[in-house]
Amino acid sequence: MPDHALLLVSSMLVVVMAHLSCADGAVGTGKSKISAVFMFGDSIVDPGNNNNRLTEARANFPPYGQDFPGGKATGRFSNGRVPGDMLASKLGVKEFLPPYNGDDLELSDLLTGVAFASGGSGYDPLTSIPATATSSTGQLDLFLEYKEKLITLVGEEEATRVISEGIYFTAMGANDIANNYFSIPLRRHQYDLPSYVNFLISSAVNFTMKLNDIGANRIGFFGIPPIGCCPSQRKHGSRECDTLQNQAAELFNSGIEKEIERLNAERNVHDSRFAYLDIYYNLLELIQQHDFYGFKEVTEGCCGSNVLNAAIFIQYHPACPNAYDYIFWDSFHCTEKAYNIVVDEIFQQNLHYLM
């Protein structure tokens with residue numbers, strides 16, 4: 001048997017076993033099958049798509065990944081796994097969600113889902129430019145490319161099944177507010193804050209409808225986290241959360257939640273389902289009730305707390321010796337422990353609607 005045929009057979013066996021695992025696990029409760037998990041978004045959920053890009057928004061070097069299996073810096077902006085990995089695992093699909101632009105992607109990875117997320121991206125097309133990230137539109141283009149590749153590899157029928165039975169997530173917006181509106185003057189000259197948030201909501205809804213139109217039937221939409229409480233965004237001196245940035249995130253989240261309800265009402269005839277996933281209050285509770293969750297440090301990042309304590313700016317810098325005590329890994333991203341608690345909460349809330 002030719003080598004490529006052996007690869008195809010072995011990969012299909014891996015997928016069959018993955019589906020059997022799903023049937024016995026989280027999705028084996030009479031709900032729809034989950035063939036694959038797909039993730040769109042920014043650095044919160046980027047598992048390494050920026051590794052080969054000429055960008056400051058990379059994390060494929062220590063101290064990132066120190067608690068990832070093998071201590072490997074994969075490009076995930078944390079000390080270990082990130083939310084896409086956790087969702088794929090909790091849904092019973094696979095343990096890690098690989099980057100679509102990864103160097104060692106296998107057929108079994110394509111059949112069970114990948115991440116298109118890119119650190120530095122946002123719903124606003126201008127947000128990705130300074131970071132030279134893959135924009136939200138660019139991520140949709142990658143998904144179309146992925147679909148064509150899958151059809152070529154396994155045929156149209158199997159590709160259609162994988163796409164239609166998949167669950168899709170999108171997690172963007174934090175960069176639009178923190179690294180665009182509040183950091184670069186252009187948008188502030190064009191919009192006041194409520195108007196800019198409305199522009200973001202419109203852009204996010206447009207992204208979601210396009211994703212739905214090209215095959216995503218079940219979409220989980222992450223809100224914006226309380227970015228004003230990230231170490232780099234807190235008011236220096238007092239270390240208080242930046243109220244204005246948090247208000248912008250809340251305004252976006254309340255607006256997008258209403259839009260998700262509208263999409264469910266308008267598009268349910270096409271067997272499409274949308275769910276708003278609250279990361280804002282789940283993470284805020286972690287920050288405000290940190291003692292209860294076993295955290296000792298809230299305002300500082302394990303790798304530092306100013307705007308230059310993230311991404312390539314902390315390349316090979318030493319991290320704190322006790323990451324388990326920290327909510328934040330660097331000045332903008334959470335530790336694996338914090339992400340895991342937040343994803344657990346989201347999973348117990350309304351994620352079942354998509355299953």
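The values are calculated or read from the model by the stated rules, or taken from the named source; none is laboratory data. Treat the numbers as computed from the prediction; the structure is a model and nothing was measured. Every residue, glycine as well, gets a Cβ built from its backbone with ideal geometry; the counts of neighbours run over all protein chains shown. Accessible surface is based on the protein model in full, side chains and every heavy atom, while ligands, DNA and RNA are left aside. Shrake-Rupley method; radii C 1.70, N 1.55, O 1.52, S 1.80 Å.
Details
- Estimated vicinal HN-Hα couplings, Hz - the range 290-296 in sequence order (Karplus 6.51, -1.76, 1.60; Gly, Pro = x): 4, 4, 4, 8, x, 9, 10
- Highest-MSF residue in the chain out of Leu211, Leu284, Leu186 [GNM, Cα springs under 10 Å]: Leu186
- Measuring against 20 Å, Cα to Cα, the residue pairs Lys94/Lys258; Lys33/Lys94; Lys147/Lys258; Lys235/Lys337 contain Lys94/Lys258; Lys147/Lys258; Lys235/Lys337 as the ones spanning a longer distance.
- Residue among Ser238, Ser305, Ser136 with the largest mean-square fluctuation in a Gaussian network model of the chain, springs linking Cα atoms under 10 Å: Ser238
- DSSP bridge pairs, the chain: antiparallel proportion in percent, nearest 5: 10 percent
- Remark: spin-label model distance His352-Tyr316 equals 5.1 nm, labels positioned 7 Å along the Cα→Cβ axis.
- Taking Lys and Arg as +1 and Asp and Glu as -1, the other residues whose beta-carbon sits under 14 Å from that of Ile163 total -3.
- For Phe313, net neighbour charge (Lys/Arg +1, Asp/Glu -1) across residues whose Cβ lies under 13 Å away: -1
- Residue ranges 172-184, 150-162 sort as 172-184, 150-162 when ordered by packing (mean number of other C-beta atoms within 10 Å per residue, highest first).
- Once backbone amide H atoms are built at 1.01 Å from N, Leu277 has Phe221, Phe222, Gly223 as its partners under 5 Å, excluding neighbours fewer than 5 places away on the same chain.
- Each 5 Å bin from zero up to the one holding the largest Cα-Cα distance in the range 297-352 carries the following percent of pairs: 4, 21, 25, 19, 13, 9, 6, 3, 0.
- Each listed q (0.21 Å⁻¹) maps to a log10 I(q)/I(0) for the range 215-355, found by the Debye formula over equal Cα scatterers with no solvent: -1.21.
- For the chain, the solvent-accessible area with a 1.4 angstrom probe is 42 square angstrom per residue.
- Here the Gaussian network model covers the chain, with springs between Cα atoms less than 10 Å apart; of Gly70, Gly304, Gly41, Gly70 fluctuates the most.
- Each Lys and Arg adds +1 at its Cβ and each Asp and Glu adds -1 at its Cβ; summed about the Cα centre, the chain shows a dipole of about 260 debye.
- Cα-based radius of gyration of the range 192-253 once divided by 2.2 N^0.38 Å, which approximates compact folds: 1.41
- Dipole orientation for the chain: of the candidates Pro321, Gly294, Ala178, Ala178 has the Cα lying most toward the positive pole (charges on Cβ; Lys, Arg +1; Asp, Glu -1).
- Contact order, relative form, for the range 35-83: 35 percent (alpha carbon pairs under 8 Å, 6 or more residues apart, mean separation divided by residue count).
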